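The values are calculated or read from the model by the stated rules, or taken from the named source; none is laboratory data. Owing to the predicted nature of the structure, the values given are computational and were not obtained by experimental measurement. Every residue, glycine among them, receives a Cβ derived from its backbone with ideal geometry; neighbour counts consider all protein chains shown. All accessible areas refer to the heavy atoms of the entire protein, side chains included, with ligands and DNA or RNA removed. Shrake-Rupley method; radii C 1.70, N 1.55, O 1.52, S 1.80 Å.
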Amino acid sequence: MFDKILIANRGEIACRIIRSARALGVRSVAVYSEADARAAHVELADQAVAIGGPAPRDSYLRGDAIIRAALDTGAQAIHPGYGFLSENPDFVTQVEAAGLVFIGPSARAIRAMGLKDAAKALMQEAGVPVVPGYHGANQDAGHLAGAADAIGYPVLIKAVAGGGGKGMRLVERREDFAQELQSARSEAATAFGNDAVLVEKFILKPRHIEIQVFGDGVDAVHLFERDCSLQRRHQKVIEEAPAPGMTPEMRAAMGKAAVRAAQAIGYKGAGTVEFIVDGARGLRPDGFWFMEMNTRLQVEHPVTEAITGVDLVEWQLRVAAGEALPKTQDALTITGHAFEARLYAEDVPAGFLPATGRLEHLRFCDAARNDAGVRAGDDISPWYDPMIAKIVTHGATRRIALKQLEAALGNTEVAGTVTNLAFLGALSRHEGFQAGQVDTGLIARDIDALTHEPDLQDWQIAAAAAFAIELPRCTDPLAGFTLGAAIWQDVALDLGDAPVGDVRIAVTGASRARVTLDGREISVRAEGAGLRVEGAPGLVRGCCAHGRITLFGTVPRVLWLRDPLLREGALAAGADLVLAPMPGLVKAVFVVEGEAVEIGTRLAVLEAMKMEYTLTAARAGLVAELLTREGAQVEAGAALVRLEDGV
Ligand code: ADP
């Protein structure tokens, strides 16, 4: 076994790898960017090396600096985590040329699976079922249209170099094919520098079921399936293992196909073979097709660990150190059911926009496995993926594990940024999901119900007012009493941009207050850090920092303490200058200087964190200055467009 390894990553996955390494007696070296100098993974590691600026290309993507850090600290191997350099075959070659071990597959295996067309051809040769379609070299538009006719509509056009759903187009009618091909190609050319595409049958009610494989370069085993059908815009939201409705026959067939895929490329380490399954026809041993192979550890690997009892990172280190596979196929079994929910700092009502902020408060539910890369007090910066944690539950049955997930989400407390907690909670209570009826279209079909914000209850407003004055700290038995009469104060609260009624509060004794809301009176009493509020279903937990009041619980809510000056100032500035909300690439600019715009006119598209974000005018007027151009890389807060009053 190694004495010391370097982890070329950050956040939760770096922390998770450090922990498994430590359990094996292996010391760890973290690397970090300027933005991460005080990050959790830096503190957790035995040693840490600064490798550059906050932008990934200046730090976590700098293979040379990372290899140097490994050599300087005497690390013998590099674990790439996921993302960043994890699937970069050139990096693997450089690591090995420096005399270090890459904890993962060979450069050759990564290359073989790097392009969708070549991977499909390779899999077909190995006898693995692939989605019917054309993945050949002839890229002539007429030829591809002919292939689409032969496959039968609807078809999917996919960039061969694709990832994250980019360069992918659904074509339902023959007459749209030429135009969609054009658009997929141009998107692929910008995103990947490669405009080649393949055409395949579009599966109508697809389920995404993937198989965890593990190889030692000679043998390979599979660790069963994960169902990742709950997706939003091709991004996984909640994953589970095993897949609902899976039969032993289909599991055996999928496992066998995945192992064949791994063996075909002499696979070493942890990998995932992704299949698409036709949910409309039920789970049948002949109803799954290869989509792609991810040659690294996946974000959702903990659900597999939960049901198999295997520590996949431990296996990665052991196999990379030269050991054979720790277990044979027969020795691997499934126990119970597991779910993983991805908790993100994101603004769901604003269209799941990545959010930033300082985590004023962060508390997880003890009953779940919480893989986090941040602590209370840490910042969610605009530089990286805004994931806060992965919340994983494991129970004897699917029903139990899902109940545990719902409870764990309800007991997870985050303040200081907006999160997708309420959305995840709603999803955990979704009837179809509870019944195991999952497909990749579920979230999109029910997005309104899943993101619906229920009306604020009186008890929530009363609790917000009490947190605003920090009632849990008012323990002085004489508090509030002046000659026997309580002093009433106004609490101006906003929900979004709308004021919340006429709220007043008076402290009436130690830890006690009365709130009036449009004349209705509600009594409140602090109990520990929480509140007992008249009409509330239980103890209300929450906090208030910098004017933001967060109520935790099953349906977390954020209210604002109004500061009229601050708000109006911010609005006025925001209306004239259109700023980049995060660092990213300006994909398109729709206006020219001097052009008149209305409220809501599309100004530009910013591509950041795997998402496209449309910037619109917050006021009517004229484009006074265009401060950016298409193709520009911009920092968070950069002014892109300046508007002024029209004539
Ligand atoms: P990317 O690498 O860009 O993420 P994938 O090939 O992995 O693209 O596909 C992403 C998602 O798109 C899948 O998880 C699935 O939901 C959907 N998808 C892919 N291929 C098909 C298909 N042939 N029919 C229907 N949906 C598909």
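Taking Pro129 as the residue in question, decide whether it is open to solvent by 20 Å² or more (accessible area, probe 1.4 Å) and within 10 Å of the ligand (Cβ to nearest atom). So Pro129 fails the test. Does Val197 satisfy the condition of being under 19 Å from Met291 (Cα atoms), modelled with pLDDT of 95 or more and more than 10 Å from the ligand (Cβ to nearest atom)? Yes: the conditions hold for Val197. Anything in segment 171-194 that is more than 26 Å from Glu87 (Cβ to Cβ), outside any loop (DSSP other than H, G, I, E, B) and within 14 Å of the ligand (Cβ to nearest atom)? List them, or say none. Within segment 171-194, Val171 is the sole residue that qualifies. Restricting segment 202-222 to residues that are in a strand (DSSP E or B) and within 8 Å of the ligand (Cβ to nearest atom), the residue that is modelled with the highest pLDDT is His208. Taking segment 17-99 and the helices (runs of 4 or more DSSP H) fully enclosed by it, the elements with 2 or more residues that are more than 22 Å from Gln298 (Cβ to Cβ) and either in contact (Cβ under 8 Å) with a residue 40 or more places away in the chain or under 28 Å from the mean Cα position of the chain (by Cα) (or both) are at 40-44, 63-73. Scanning segment 530-542 for residues that are open to solvent by less than 60 Å² (accessible area, probe 1.4 Å), part of a loop (DSSP other than H, G, I, E, B) and free of Cβ contacts under 8 Å to residues at least 60 places away in the same chain gives a single hit, Gly538. Selection of first residues in segment 358-371 that are in the same structural domain as Leu402 (by TED's automatic domain parsing) and polar (S, T, N, Q) and of second residues that are buried (at least 18 other Cβ atoms within 10 Å of the Cβ) and assigned to a strand (DSSP E or B), restricted to Cβ pairs under 6 Å at least 6 apart or on distinct chains, gives the following pairs, ordered by first then second residue: Asn370/Ala389; Asn370/Ile391. Taking the conditions (1) surrounded by fewer than 21 Cβ atoms within 10 Å (Cβ to Cβ); (2) more than 12 Å from the ligand (Cβ to nearest atom) in turn, Glu225 satisfies each one other than (1).
The set of residues in segment 251-278 that are more than 18 Å from Phe224 (Cβ to Cβ), open to solvent by 30 Å² or more (accessible area, probe 1.4 Å) and out of contact with any strand residue (DSSP E or B) (no Cβ under 6 Å at 6 or more places or on another chain) comprises Ala264, Gly266.
Here Gly167 does not fit the description of being under 28 Å from the mean Cα position of the chain (by Cα), outside the structural domain of Met246 (by TED's automatic domain parsing) and either open to solvent by 50 Å² or more (accessible area, probe 1.4 Å) or away from the ligand (no atom under 14 Å from the Cβ) (or both). Of the candidates Gly436, Gly377, the single residue that is on the phi > 0 side of the Ramachandran plot and open to solvent by less than 20 Å² (accessible area, probe 1.4 Å) is Gly436. Among residues of segment 155-166 that are touching a residue at least 40 places away in the same chain (Cβ under 8 Å) and within 12 Å of Lys201 (Cβ to Cβ), those with a beta-carbon under 9 Å from a residue that is within 6 Å of the ligand (Cβ to nearest atom) and open to solvent by less than 30 Å² (accessible area, probe 1.4 Å) at least six positions away or on a different chain give the pairs Val155/Glu200; Leu156/Val131; Leu156/Glu200; Leu156/Ile203; Ile157/Glu200; Lys158/Glu200.
Among the residues of segment 24-41, the one identified as closer than 15 Å to Ala14 by Cβ, in contact with a helix residue (DSSP H, G or I) (Cβ under 7 Å, 6 or more places away or on another chain) and surrounded by fewer than 21 Cβ atoms within 10 Å (Cβ to Cβ) is Ala40. Quick one: would you say Ser59 is over 21 Å from Gln316 (Cα atoms), open to solvent by less than 50 Å² (accessible area, probe 1.4 Å) and polar (S, T, N, Q)? Judged against the criteria, Ser59 is a match. Determine if segment 592-601 includes at least one residue that is part of a strand (DSSP E or B), at pLDDT 85 or above and aliphatic (A, V, I, L, M). Scanning segment 592-601 turns up at least one residue that is part of a strand (DSSP E or B), at pLDDT 85 or above and aliphatic (A, V, I, L, M).
The single condition among (1) closer than 29 Å to Glu406 by Cα; (2) among the small types (Gly, Ala, Ser); (3) within 16 Å of the ligand (Cβ to nearest atom) that Ala306 does not meet is (3).
If you check Ala109, Ala141, which single one turns out to be among the small types (Gly, Ala, Ser) and surrounded by 14 or more Cβ atoms within 10 Å (Cβ to Cβ)? Steps first, please.
Values: Ala141 fails: surrounded by 14 or more Cβ atoms within 10 Å (Cβ to Cβ).
Just a single option satisfies the conditions, and that option is Ala109.
Which members of segment 132-162 meet the condition of being under 27 Å from Ala253 (Cβ atoms) and either of a type in the set (Lys, Arg) or within 12 Å of the ligand (Cβ to nearest atom) (or both)? Selection gives Pro132, Gly133, His135, Ile151, Pro154, Val155, Leu156, Lys158, Val160, Gly162.
Check segment 279-295 and report whether any residue there is in a loop (DSSP other than H, G, I, E, B), of a type in the set (Phe, Trp, Tyr) and open to solvent by less than 30 Å² (accessible area, probe 1.4 Å). Walk me through it before giving the result.
Taking segment 279-295 as the starting set, the residues that turn out to be in a loop (DSSP other than H, G, I, E, B) are 282-287, 295.
Retained after the next criterion (residues that are of a type in the set (Phe, Trp, Tyr)): none.
There is no residue in segment 279-295 that is in a loop (DSSP other than H, G, I, E, B), of a type in the set (Phe, Trp, Tyr) and open to solvent by less than 30 Å² (accessible area, probe 1.4 Å).
Scanning segment 176-203 for residues that are over 24 Å from Ala280 (Cβ atoms) and buried (at least 17 other Cβ atoms within 10 Å of the Cβ) yields a count of 10.
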